[in-house]
Amino acid sequence: MARGFSFRASTSLKTSVRVDPKVILGSRLVALSAAELDAEIQREMEENPALIRLDEQEPLTDRDLYRKLAPDQLRLQSEDYEFLRSGQDLGNECHWTDFAGQPDSLHDHLWAQISGTAGHDPELDLYVIESLDERGYLGLPKEEIALACGRSLEAVEDSVARLQSCEPAGIAAEGLIPCLILQLQRESSSLASLAINLLENQLPLVLDHQVKIAARRLGIEVALAEKVFALIRSLNPEPGRTFDSLTPEAPRASAELSLLRTESGWQIQVRGVTTAELSVDRTYQQLAGAKGDSAQHARHFVARAERFLSALELRQQTLTRLGAYLIEKQGGFVTTGDLRFVNDLTRCQVAKEIGIHESTISRATMNKFVEIATGEVVSFDLFFDSSLRVKEMIGAILRTENPGKPLSDQRIAEILASQGVQVARRTVNKYRDHSKLLSSRRRKAA
């Protein structure tokens, strides 16, 4: 009996969506803060030799140098000072700070040290001390001091040198880098010598925290280079502030986006490294065009670098478009900082109107801050939470009320209505509770 054969034909369709790696990387970068982005770029440059930082960049200001060299040192070393004042036993060796009382000013401390020293010129030394700014830097050119005091330039340089030998170390420097070098010169160690070498000859490597490259150029192990970088970061970039105040300033939130108003119009600045500061190494580009295994290796890194630069550009474009939109829709608040001008706005609305996915807007604004035209740094959340405006307005009303006749929630609602904000009495009660503000009866009792 013949066997029967059956044939079955089937067709199946499979649909898959492949997300562009550049989009994935771009979404990840847009979620980073400026500080996190710097760290990510540093990591990428260490792993990808085809990605380099351009040398042709604008001169860095002292503030830029602070952020890169000592971001954790822009504060007072009050703990060290209190230790000295507490009279702890430091052995038999005495120091002038052991006998110092509550500091009146940096100038008083410097004058007490320099008076009676060899070559002391009271009039000139006092003028140089008075020329120091709040950071402890020399605030006037030496030539101008010489002209004002009727002294030679050499005499002024001697006076500055006398001050630079005083405490705190780094005082009377002519800028941040000279200040750090003065502090390092007080230490007779190989680490200090290596640190001075880096600051004087390889500053870009220090600013970009290029530890591995610095180690190669100095001819030392990476572990030792890490110690050199740590030593530089431990220095005090503003020694003058040590004696001007014992109360450190509260840290200020770092803005990812600045919306600045100038005479020529609005300026939108995205903080952090941009594609203008990075590039693909030309050597790798040339090698990628050749043949062989080395060319394939180069093409891999070149493609990776180009993908990273595209993602970085996407981050910058997203934040720039978002900034322009906020200026248009929240211009009153951005200009004045007055919460009464915050309009109702959602991230979904922003996404639709500027043509960017809502998840991207969420990543770009989550836990981030923006600097507005008044110089204030505010959370992005403020632009998307109209309740913050109402809460602030309620708080402002209560701060100006007559303590003997506190306002009721209904009266507060009426005042808000007169200011263009329509809310019900129960809404006032809810916002007041959220802000932990007392009711009219309890405010009167208080």
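At a 10 angstrom cut-off on C-beta neighbours, averaged per residue, how do the peptides 358-365, 145-152, 210-217 rank from highest to lowest? Display every interim value, and only then the final one.
On the way: 358-365: 19.6, 145-152: 15.2, 210-217: 17.4.
Ranked by mean Cβ neighbours within 10 Å, highest first: 358-365, 210-217, 145-152.
Expected output is a single nm value to one decimal: the length gained when fully extending between residue 234 and residue 377, i.e. 0.36 nm times separation in residues minus the C-alpha distance. What is it?
Full-extension gain reported as 48.7 nm.
For the residue pair residue 200 and residue 113, what label-to-label distance in nm results when each label sits 7 Å from Cα along the Cα-to-beta-carbon direction?
Taking the simple label geometry, residue 200 and residue 113 are separated by 2.2 nm.
Using only Cα atoms, locate the centre of the stretch 266-344 and the centre of the stretch 367-383, then give the distance between them in Å, rounded to an integer.
First find each Cα centre; the distance between them is then 20 Å.
Once you charge only the Cβ atoms, +1 for Lys and Arg and -1 for Asp and Glu, what is the size of the charge dipole of the stretch 103-233 about its Cα centre, to the nearest 20 debye?
Dipole about the Cα centre, nearest 20: 840 debye.
Give or take rounding to whole Å, what are the principal axis extents of the alpha carbon atoms in the stretch 103-233, in descending order?
50, 29, 25
Taking the Cβ of each residue in 128, 423 as the centre, tally the other Cβ atoms inside 10 Å and list the residues starting with the fewest.
423, 128
Here are some pairs, 368/405; 329/405; 329/430; 368/391; which of them have Cα atoms lying more than 31 Å apart in this structure?
On the way: 368/405 41 Å; 329/405 38 Å; 329/430 27 Å; 368/391 21 Å.
Those over the limit are 368/405; 329/405.
Each label point is 7 Å from the Cα along the Cα-to-Cβ direction; what then is the distance between the points at residue 343 and residue 411, in nm?
The modelled label-to-label distance comes out at 3.4 nm.
In whole Hz, with x marking every Gly and Pro, tabulate ³J(HN,Hα) for the stretch 308-321 from phi via Karplus 6.51 cos²θ - 1.76 cosθ + 1.60, θ = phi - 60°.
5, 5, 5, 5, 5, 5, 5, 4, 5, 5, 4, 5, 5, 5
May I ask you to order 313-319, 112-118 by the average number of other C-beta atoms within 10 Å around their residues, highest value first? Let's see the in-between values first.
Details: 313-319: 19.7, 112-118: 12.3.
With the highest mean Cβ count within 10 Å placed first, the list reads 313-319, 112-118.
Every number in this text was worked out from the coordinates using simple rules, so none of it is lab data. Every value quoted in this text rests on a predicted model; they were computed, and no experiment measured them. With ideal geometry, Cβ positions are generated from the backbone for all residues, glycine too; neighbour counts draw on all protein chains shown.
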